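Some notes on the structure that comes next.
Nothing in this text is a laboratory measurement; each read-out follows from the coordinates by a stated rule. Because the structure is predicted, anything quoted here is derived from the model rather than measured. Methodologically, a virtual Cβ is constructed for each residue, glycine included, from the backbone with ideal geometry; neighbour enumeration extends over all protein chains shown.
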Amino acid sequence: ALDPTHPGAVVGLATLRAVGATAEAARPAVQEAMVLERDDRYEEAIGRYDEALAIDPHSGVALAGKADSLRALDRAIDSLPFHERAIQAAPDHPVYWTHRGLALADLERADDAFASYQRAIDLAPRFPFPWLCRAELRLALEQPGPALADFEKALELEPELADAMAGKACALHALGRKDEARRACYAYLDTADPDDDRTTEITAILHQFGD
C-alpha cells in the first residue's frame, strides 16, 4: 500500500475530496430537477440539470436526468449525447444503458437498442427493466415469441410489473394463444390502474374475444 505521507497519496486524497465537494455542490440543483421531472416539467428540469452540470460536468445523475427529460420532450436525437456521457461517467450503471436503449429505439436504431439492453442485462441480470424494454421493442417489431420470453422473465423478477403483464397479454394475443391471452388480460386488469394507457388496449383485446 502507498504510504499516506507520500506526496502522491496526498495529491490523490486532495483530488478525491475536490471531486466529492463538487458533487455535493451540484446536489441541490439535481434534486430540484428530479422533482420537476416527476411533475412532467421537463423544460424546467433541464434548466436545473444544466445548473448542476455547470458545477459538476461529469455528474452521471445530472447527465442521465437531462437525457431523460429531453427524450420525454420527443427530443431523442438531442438526448443521445447525454446518455453517452452518463455512461462514460458510470459505465457499469444498468439504468443508464437501458435508458440509452430507449432513446435508440425511439430513433428506430433497433440493433443498437438491443445491444444497449443486453449490456444492461449483462450488468444486472436480475434488474427487470431492460428485460421489459427489450420485450416491448421486440413486440413492436412483430417478434411476439421472443417478446413473450422477455416479458415472462421480467415478471419472474417482478411479478406485479404492470407493463410486463399487459405486454405478455399482447404477445400471447399476437401468437394466437387465445385462452392464455384472456387469462393474462384479466390478470393485468385485476391489478392495473383504470387510467393506465394499457388498460384500453387490453380491454380491446377482450372485446375481440367477445368478453
Quiz item: Which residue fluctuates the most in the chain, going by a Gaussian network model with Cα springs under 10 Å, if the choices are Gly47, Gly65, Gly167?
Solution: Gly47
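Pairs of alpha-carbon atoms within less than 8 angstrom and 6+ residues apart define the contacts here; what relative contact order does the chain have, in percent? Don't skip to the answer; put the middle values down first.
Working: 264 pairs, mean separation 19.6, N = 211.
Relative contact order, the chain: 9 percent.
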Quiz item: In Å, what Rg and Dmax follow from the Cα atoms of the chain?
Solution: 21.1, 79
Self-check item: Simple label model, 7 Å out from Cα along Cβ direction - Glu201 to Glu142, nm
Solution: 1.7 nm
Quiz item: Most mobile of Ala25, Ala166, Ala64 per a Gaussian network model of the chain (Cα springs, under 10 Å)?
Solution: Ala25
Quiz item: Between Arg41 and Glu180, what is the spin-label point distance in nm, taking each point 7 Å from the Cα along the Cα→C-beta axis?
Solution: 4.7 nm
Self-check item: In sequence order, calculated HN-Hα J values of region 155-163 (Karplus, 6.51, -1.76, 1.60; Hz; x Gly/Pro)
Solution: 6, 4, 7, 9, x, 9, 6, 4, 4
Practice problem: Work out the length of the dipole vector of region 167-211 about its Cα centre, built from +1 on the beta-carbon of each Lys and Arg and -1 on the beta-carbon of each Asp and Glu, and round it to the nearest 20 debye. | Solution: 320 debye
Exercise. Pull up the cross-link candidates among the lysines for Lys153, meaning alpha carbon to alpha carbon under 25 Å and not fewer than 8 places away within one chain.
Key: Lys168, Lys178
Practice problem: Only helical DSSP H runs with n ≥ 4 go in: add -39500 (n - 2.57) per run for the chain, normalise by residue count and round the 222 nm mean residue ellipticity to 500 deg cm²/dmol. | Solution: -26000 deg cm²/dmol
Quiz item: Roughly what would the spin-label model give for Asp78 and Asp122, points 7 Å off Cα along C-beta, in nm?
Solution: 3.2 nm
Quiz item: Using a cut-off of 15 Å between alpha-carbon atoms, which aspartates and glutamates can reach Lys66, once sequence neighbours fewer than 8 places away in the same chain are excluded?
Solution: Glu32, Glu37, Asp39, Asp40, Glu43, Glu44, Asp50, Glu51, Asp56, Asp74, Asp78, Glu84
